[in-house]
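Undergrad: The structure's right below; bear with me while I get my questions together.
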Amino acid sequence: MNTGKRNYLVAGNWKMNGSRSLVNEFIDAFSGVKFNHVDVALCPPSLYIPAFSGKGIAIGAQDVSHCDNGAHTGDLSVSMLTEFDCKYCIVGHSERREDHGESSRTVAEKARKVIEAGLIPIICCGEPLSVRENGNVNEFVESQLQAIFDLIDVKNLQNAVIAYEPIWAIGTGKTASPQEAQDVHGFIRSYVATKDASLAARIQILYGGSVKPDNAKELFAQPDIDGGLIGGASLKAKDFISICQAAS
Ligand code: 13P
């Protein structure tokens, strides 16, 4: 279903879910599976990252410290992620912003660390329901992304990925309609174009929020949606594979 726009990326975010047996189930399910024009990645809890090393599945972390190695109990550094072949790192997920009070500035610092280490940041943005109801979605998302452009030179964002995840659609089963999602994705791309037109044309913008096998195809068909960041449905190998196939 690739329309010749950009390559798709479908990334699974396991959040604080999973087990050794689920890791093994995924390694078995993915062995020998190929997708056309779709990059596929899994972001399991960090403890399970080493188990995926060398298994042919691109791996990402769900978060990273904005600091270098040192006295930061409980945190992981980018140098650790690179040692275990991580290709991607999610930064600024709304659950991190809410549960850990991460500001957009901290998220930008994390994205910078990820880029400096040669990994690809998946930079999350997205509004709560109250912002949508007030009609201020674009302003809200712009302010989250502005922090990225304030800190990081556009030439260093060439491989970055943006994920738009409306908070009211996360884990609720209430997905944004393809048109609602496209409207924000289109806005994000036009906002990026105000910084750098060629970056806007190439940057992958993923949609996240209750993506399932039965709605993925329609979402991915939108001109500015380049794949998905998948939560709940990435915990079932069959569902995750069918979402990846919807993009291929
Ligand atoms: P769900 O797919 O469970 O709604 O989660 C989306 C998400 O937050 C992915 O990062």
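Undergrad: Would you work out if the chain is rounded, prolate or oblate? Take a ≥ b ≥ c from the square roots of the eigenvalues of the alpha-carbon gyration tensor; rounded if a/c is under 1.5, else prolate when a/b is larger than b/c, oblate otherwise.
TA: Note, shape of the chain comes out rounded.
Undergrad: Would you pull out the residues with amide H under 5 Å of Gly227's amide H, same chain only if 5 or more places away, H placed 1.01 Å from N?
TA: Result for Gly227 returns Leu9, Tyr207.
Undergrad: Cut-off 14 Å, label point 7 angstrom out along Cα-to-Cβ of Asn36: give me the residues of the stretch 213-248 whose amide nitrogen falls inside.
TA: Flagged as within label range: 245-248.
Undergrad: Please figure out what share of the DSSP beta bridges in the stretch 7-142 is antiparallel and state it in percent, rounded to the nearest 5.
TA: Working: 0 of 15 bridges.
In the stretch 7-142, DSSP labels about 0 percent of beta bridges as antiparallel.
Undergrad: Next question, about the same structure. Just to be sure I follow the rule: in the stretch 1-149, considering lysines 8 or more places apart or on different chains, how many pairs have Cα atoms under 27 Å apart?
TA: 14
Undergrad: For the residues Glu180, Glu127, what sequence is obtained by ranking on other C-beta atoms within 10 Å, fewest first?
TA: Values: Glu180 15, Glu127 23.
Lowest count first: Glu180, Glu127.
Undergrad: How far apart, in nanometres, would the label points at Glu83 and Ala51 be if each is projected 7 angstrom from Cα along the Cα-to-Cβ direction?
TA: Between Glu83 and Ala51, the label points sit 2.0 nm apart.
Undergrad: Give the peptides 68-79, 154-165 in descending order of average Cβ contacts within 10 Å, highest first.
TA: Numbers: 68-79: 12.1, 154-165: 19.7.
Top of the packing list down: 154-165, 68-79.
Undergrad: In whole Å, how far is the Cα centre of the stretch 61-131 from that of the stretch 136-157?
TA: Measuring centre to centre over Cα atoms gives 15 Å.
Undergrad: Extension gain Asn69-Asp99, at 0.36 nm per residue separation less the Cα-Cα distance, in nm?
TA: Numbers: separation 30, 0.36 × 30 = 10.80 nm, distance 2.27 nm.
So the extension gain works out to 8.5 nm.
Undergrad: If you don't mind, another one. Which value at 222 nm does the chain reach when only helices count, each DSSP H run of 4 or more adding -39,500 (n - 2.57), with the total divided by all residues and rounded to the nearest 500 deg cm²/dmol? Don't jump to the answer; show the numbers that get you there.
TA: Working: 11 runs with 101 residues, N = 248.
Calculated at 222 nm, the ellipticity per residue is -11500 deg cm²/dmol.
Undergrad: Same structure again: Kindly rank 203-211, 237-245 from highest to lowest mean number of other beta carbons found within 10 Å of each residue. Mind dumping the intermediate values first?
TA: Numbers: 203-211: 25.4, 237-245: 19.3.
For the peptides 203-211, 237-245, the packing ranking is 203-211, 237-245.
Laboratory data are not the source of any read-out in this text; all were calculated from the coordinates shown. Remember, predicted model here, so these are calculated numbers, not experimental data. For neighbour counting, all protein chains shown are included, and Cβ atoms are generated from backbone atoms with ideal geometry for every residue, glycine included.
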